[in-house]
Amino acid sequence: MPLRNQTARLLTLAAPLLLATAVQAQQARDPGPNAPVSYDLSFDNAAHREARIAVTYRDLKPGAVEFRMARSSPGRYAIHEFAKNVYSVSARDGAGRDLPIERTDPYSWRVAGHDGTVTFSYTLYGDRGDGTYSQIDQTHAHLNMPATLVWARGYDDRPIRVTFRPADPSWKVATQLPPVADSTTSFWAPHLQYLLDSPTELSDFQLREWTIGTGATAQTIRLAVHSEDSAETVDEFARKAKAVVAEQIRIWGGAPRFDFGTYTFIADYMPQISGDGMEHRNSTIISQPRSLATGKFAQLGTLSHEFIHSWNVERLRPAELEPFDFTSADPTPSLWFAEGFTQYYGPLSILRAGEATLDTTLAGLAGTLDYVVNGPGRRYGSPQEMSLRAPFVDAATSIDPVNERIFTSYYAYGAVIALALDLTLRQHFDTDLDAYMRHMWKRNGAAQRDYAPVKSYTTADLQAGLAELTRDPAFAKAFFDAHIRSSDLPDFAPLLAQAGLVLRPADTDKPWIGAANVSGGGDDPVTLAEIPIPGSPLYAAGLDRGDTIVAIDGQRIASRADWRAALDAMKPGQPVVIAYANRAGASSATIIPRADPKLAIVPLEKAGGTPDAAQRAFRRAWLGAD
């Protein structure tokens, strides 16, 4: 069916939306109205950002039961104190009698004296709409489950029912949870791990859906868009999304088997939303405070990245993340692969699908390469080390300042490693990164059991997979020793030259001193707002974040405009005197600006040359474009 004709097919969660496989799964696994665990969520006080939630556990073991709130969330690697938004708690037994609640730590509530059944009720406050938290207001209930649901320790394997009570009759429900038969508001989960991995949106969203595969392999992709965009704009976004999804299925050699026959993009593009993207097993949350029209479909980049995760991370999964521990941080040394290789394929998929230009894609790739190659973070650690720093940087907050210069994002780091491996495999082994990803998928990802991978991977598996693909264990070991366990990078210029692409400085006439951002001005002094890059002119001169810039070559710096003008007047190689004040008092230093090292990647034909037939063929095979 054409996407435009599907505008009216909103997700009412009635039978027509269900594949036969999903119906069979319901009948086999739905725990029924007297489920061992059941949740009831209502939103009568949505105007004040509150939900009222009750969870009932039946057939409890004798003794006290401990109810907990999660401290971490799938796809996030840091600690998040979700319990801070839970209050007005109460507990009753199966006969409706009030039960005492004991609390000895910030994350749990202990209930004793029950008769085998406990209903634990509480109010949840939620006003951050992204992939980690929950937001409740008159327009929607945007729910990340670890930030929403209290659960009882020791009963994780029990099947669960969930009932939503929308605050508005126009609200529908978008979720990867399978629906209960003959209900538009009740769903079920096979166990706690699946439930807490199932974000849910209640709103008057627009739905688009399409089928992938045929016959027994047919599955449904659903795109639920909550925004102020017109139906025509959503249609166009769905068309683009469909093209990207098809390209990614081609790269991987087939779609994953979604557990209930569907995959759901939950897209929130409302002004009150925070920008984010968060993958889940059969769905993803993508959010941005701009509409599709205002953003000119820039949201496609997040959608592309997150759908790759349905293979890479959700099923081809690091061993350290399976099963997920909701009570602590969940680190893994493999985020350079899980997130970084995904980051590489996000824009590449859009280009190959014909939804981006070569120039735009190369500009983004150059920015990533520049950040890693010219950034100082590599001297402080390998991709594995940066992956293990995720609990400190992945939406984690702290009061004390940190040295941001010691960190290189595992997203960009891994994307650059993916670029190096892709071009090296094409150069020396008559294969490519697509083949490596398919090999790892067959080796460690395709086999699934009980909504989890049969064999999650370790770093040793990733190296072994590369050795198997290339039939060269020595190459695989050398690559991992140099680029994964250490922080070496190859010379990218000859690798890119294979595709008739030139790697060069973007602007050798532009001066660079190692930090350009300042704050203050007006009644406040102008101060450095960032730590200078180690080894840069400012760093060598002893300046640091928070130091006051007084004058440059005798010209007073009283505003950010003064600072910008002084930077623009500098010339590479020509000394300037900077007067400044730090915690030790007034000082001055002579610095010599350098040529800006920022990198650019341009087609040979735009650099005065002409790519030969081999280079053009390489470019088409790699990028799918000339």
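Points to keep in mind about this one:
- The residues listed here are 327, 361; of these, the one that is touching a strand residue (DSSP E or B) at 6+ places or on another chain (Cβ under 8 Å) and assigned by TED's automatic domain parsing to the domain that holds residue 450 is 327.
- Any hit, the range 588-596, residues being within 29 Å of residue 347 (Cβ to Cβ) and either outside the structural domain of residue 243 (by TED's automatic domain parsing) or modelled with pLDDT of 95 or more (or both): yes
- Of the candidates 310, 287, 283, 304, the single residue that is under 21 Å from residue 440 (Cβ atoms), in contact with a strand residue (DSSP E or B) (Cβ under 8 Å, 6 or more places away or on another chain), surrounded by 19 or more Cβ atoms within 10 Å (Cβ to Cβ) and of a type outside the set (A, V, I, L, M) is 310.
- Qualifying residue in the range 429-452 (condition: in a helix (DSSP H, G or I) and at pLDDT below 95): no
- Taken across the range 210-226, residues that are in contact with an Asp or Glu (Cβ under 7 Å, 6 or more places away or on another chain), among the aliphatic types (A, V, I, L, M) and either within 30 Å of residue 59 (Cα to Cα) or not assigned by TED's automatic domain parsing to the domain that holds residue 126 (or both) do not occur at all.
- Qualifying residue in the range 106-127 (condition: among the hydroxyl-bearing types (Ser, Thr, Tyr), in a strand (DSSP E or B), in contact (Cβ under 8 Å) with a residue 40 or more places away in the chain and closer than 26 Å to residue 227 by Cα): yes
- Subset tally (residues that are more than 24 Å from residue 598 (Cβ to Cβ), among the small types (Gly, Ala, Ser) and assigned to a helix (DSSP H, G or I)) for the range 338-389: 3
- Hey, residue 514 touching a residue at least 24 places away in the same chain (Cβ under 8 Å), touching a Phe, Trp or Tyr at 6+ places or on another chain (Cβ under 8 Å) and either under 30 Å from residue 560 (Cβ atoms) or of a type in the set (D, E, K, R) (or both) or not: yes
- Condition met for residue 77 (in the same structural domain as residue 288 (by TED's automatic domain parsing) and at pLDDT below 95): yes
- Residues located in the range 397-411, provided they are more than 16 Å from residue 308 (Cβ to Cβ) and either touching a Leu at 6+ places or on another chain (Cβ under 9 Å) or of a type in the set (Gly, Ala, Ser) (or both): 398, 409
- Criterion: at pLDDT below 95, of a type in the set (A, V, I, L, M) and surrounded by 13 or more Cβ atoms within 10 Å (Cβ to Cβ) - qualifying residue of 600, 625, 569, 581: 625
- Some residue of the range 235-243 being farther than 22 Å from residue 356 by Cα and not small (Gly, Ala, Ser): no
- Qualifying residue in the range 538-552 (condition: closer than 21 Å to residue 598 by Cα, of a type in the set (A, V, I, L, M, F, W, C) and not assigned by TED's automatic domain parsing to the domain that holds residue 421): yes
- Residue check, residue 304 modelled with pLDDT of 95 or more, closer than 29 Å to residue 621 by Cβ, within 16 Å of the chain's Cα centre (by Cα) and part of a loop (DSSP other than H, G, I, E, B): no
Yes or no, residue by residue, for (1) surrounded by fewer than 17 Cβ atoms within 10 Å (Cβ to Cβ); (2) farther than 19 Å from residue 254 by Cα; (3) not assigned by TED's automatic domain parsing to the domain that holds residue 189:
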{"residue": "422", "(1), (2), (3)": "no, yes, yes"}
{"residue": "442", "(1), (2), (3)": "yes, no, yes"}
{"residue": "477", "(1), (2), (3)": "yes, yes, yes"}
{"residue": "482", "(1), (2), (3)": "yes, yes, yes"}
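- Pairs linking a residue in the range 365-377 that is of a type in the set (Ser, Thr, Tyr) to a residue that is surrounded by fewer than 16 Cβ atoms within 10 Å (Cβ to Cβ) and in a loop (DSSP other than H, G, I, E, B), with Cβ atoms under 7 Å and 6 or more positions apart or on different chains, do not occur.
- Among the residues of this structure, residue 142 counts as one that is buried (at least 19 other Cβ atoms within 10 Å of the Cβ), in contact (Cβ under 8 Å) with a residue 12 or more places away in the chain, in a strand (DSSP E or B) and in contact with a Gly (Cβ under 6 Å, 6 or more places away or on another chain).
- Some residue of the range 294-301 being touching a strand residue (DSSP E or B) at 6+ places or on another chain (Cβ under 8 Å) and of a type in the set (Val, Ile, Thr): no
- Candidates in the range 390-402 are the residues that are of a type outside the set (Val, Ile, Thr) and part of a helix (DSSP H, G or I); of these, the one that is farthest from residue 512 (Cα to Cα) is 391.
- Candidates in the range 522-567 are the residues that are without any contact (Cβ under 8 Å) to a residue 24 or more places away in the chain and in a helix (DSSP H, G or I); of these, the one that is nearest to the chain's Cα centre (by Cα) is 564.
- In the set 460, 464, only one residue is part of a helix (DSSP H, G or I) and either at positive phi or out of contact with any helix residue (DSSP H, G or I) (no Cβ under 8 Å at 6 or more places or on another chain) (or both); that residue is 460.
The values are calculated or read from the model by the stated rules, or taken from the named source; none is laboratory data. Values in this document were obtained by computation on a predicted structure and should not be read as measured data. Please note: Cβ atoms are built from the backbone with ideal geometry, for glycine as well, and neighbour counts cover all protein chains shown.
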